[in-house]
Amino acid sequence: MSVRNREWPVALALTPVLILILAPFVWLVISSFKTEAEIGQADPFTWPADLMWRNYLDAWQTGGFGDLVGNSLINLVGVVALSLITCAPAGYALAKIRFPGREWLFYAFILGLTVPVQAIVIPLYQVLFGLNLVNTLAGIVLVQVSNGIPFGIFLMRSFFIGVPDDLIEAAKIDGASHFQILTKVFLPISTPAVQALVIISALSTWNDFFLPLIVLISPEVQTLPLGLVRFASTYASDYRLVFSGTVISFLPIILLYILMQRRFTEGLTQGAIKG
């Protein structure tokens, strides 16, 4: 029996799970193109008579999604950039530079993976309040970066530790410093791990609701998940706007995942094998 034939039973067994996962998204997208009367018929998978593209325009203008998307993009870019700036050098140092206490320091970072952010939210808020960073995008960026650093260091170290030490020795002979070795040797060959870190940081940041709920108070600085909840509670009886607004909120990050899905899987797989 060929490999493809052996995979058919597994594919058939997973099909109900796939349908169960995709059904709410299909229902949501179809309903976002319906009129209020069609939504009221309570037949979620019936295709609308006419595609109501205007629902998206109304939701965008009514809900102020332009500002929300702008805040979320600033938040996302800040978290991704700072995560790369901190996790790549830390992963390189913990993988390739020998110094006393290196292993203990790594395990101390990994310990952060076991502590839920809900357990430290009060001291976290007090620190931000003392730094005058409550209700600012800079504050939420720093909080989310610190929350993601343990996994980012684990991912980058797992990849770097599998790179042969001969590359470091050859670069040192040519007079390269550790910073030059990291930026000119390791990062160019670590594209899968870097892209996996970018996608994971982007996904968690874009969809994060809890930390922005604690840090961001004013509507002017709120990100998309907070704005969507406020929008849905304000227009709870206008389902076409709620459905189209919800699609607007998750469409960009799904497109990013589809575009980089292959690299994302490669980065996680190689990191897991080498770790």
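The values are calculated or read from the model by the stated rules, or taken from the named source; none is laboratory data. Since we're looking at a predicted model, the values are computed, not measured. Cβ sites come from the backbone with ideal geometry, for glycine too, and all protein chains shown count toward neighbours. Note: accessible area is taken over every heavy atom of the protein model, side chains too, but ligands, DNA and RNA are not part of it. Shrake-Rupley method; radii C 1.70, N 1.55, O 1.52, S 1.80 Å.
Points to keep in mind about this one:
- Close contacts from region 113-131, counting a first residue that is within 17 Å of residue 213 (Cβ to Cβ) and of a type outside the set (Gly, Ala, Ser) and a second that is open to solvent by less than 100 Å² (accessible area, probe 1.4 Å) and not in a helix (DSSP H, G or I), with Cβ to Cβ under 6 Å and a gap of 6+ residues or different chains, come to 128/134.
- Set side by side, the residues 131, 113 differ, and just one is open to solvent by 30 Å² or more (accessible area, probe 1.4 Å), touching a helix residue (DSSP H, G or I) at 6+ places or on another chain (Cβ under 9 Å), under 20 Å from residue 203 (Cα atoms) and of a type in the set (A, V, I, L, M), which is 113.
- Residue within region 34-47 that is within 25 Å of the chain's Cα centre (by Cα), more than 30 Å from residue 109 (Cα to Cα) and open to solvent by less than 60 Å² (accessible area, probe 1.4 Å) present: no
- Region 16-53, residues that are hydrophobic (A, V, I, L, M, F, W, C) and part of a loop (DSSP other than H, G, I, E, B): 33, 42, 45, 47, 49, 51, 52, 53
- Evaluating residue 54 against the criteria (1) farther than 30 Å from residue 220 by Cβ; (2) over 22 Å from the mean Cα position of the chain (by Cα) leaves one unmet condition, (1).
A quick yes/no check of all residues on (1) over 25 Å from residue 23 (Cβ atoms); (2) open to solvent by less than 20 Å² (accessible area, probe 1.4 Å); (3) of a type in the set (A, V, I, L, M, F, W, C); (4) out of contact with any His (no Cβ under 9 Å at 6 or more places or on another chain):
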position	(1), (2), (3), (4)
51	no, no, yes, yes
58	yes, no, no, yes
61	yes, no, no, yes
76	yes, no, yes, yes
85	yes, no, yes, yes
92	yes, yes, no, no
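- Residue 239 being modelled with pLDDT under 85 and within 16 Å of residue 25 (Cα to Cα): yes
- Region 14-61, residues that are closer than 25 Å to residue 230 by Cβ, hydrophobic (A, V, I, L, M, F, W, C) and touching a helix residue (DSSP H, G or I) at 6+ places or on another chain (Cβ under 8 Å): 28, 29, 33, 39, 52, 59, 60
- Residue 175 modelled with pLDDT under 90, assigned to a loop (DSSP other than H, G, I, E, B) and on the phi < 0 side of the Ramachandran plot: no
- Of all residues making up region 208-253, the number that are open to solvent by 60 Å² or more (accessible area, probe 1.4 Å) and either among the aliphatic types (A, V, I, L, M) or in contact with a strand residue (DSSP E or B) (Cβ under 8 Å, 6 or more places away or on another chain) (or both): 4
- Helices (runs of 4 or more DSSP H) contained in region 54-125 and holding at least 3 residues at pLDDT 95 or above: 65-96
- Residue satisfying all of: in region 195-207; hydrophobic (A, V, I, L, M, F, W, C) and open to solvent by less than 30 Å² (accessible area, probe 1.4 Å); nearest to residue 54 (Cα to Cα) among these: 206
- Considering only residues in region 134-181 that are surrounded by fewer than 20 Cβ atoms within 10 Å (Cβ to Cβ) and in contact with a Pro (Cβ under 9 Å, 6 or more places away or on another chain), the one that is farthest from residue 79 (Cα to Cα) turns out to be 178.
- Of note, residue 152 satisfies the criterion of being in contact with a Gly (Cβ under 8 Å, 6 or more places away or on another chain) and not hydrophobic (A, V, I, L, M, F, W, C).
- Sole residue being farther than 28 Å from residue 261 by Cβ, in contact (Cβ under 8 Å) with a residue 24 or more places away in the chain, out of contact with any strand residue (DSSP E or B) (no Cβ under 7 Å at 6 or more places or on another chain) and polar (S, T, N, Q), chosen from 136, 205, 191: 136
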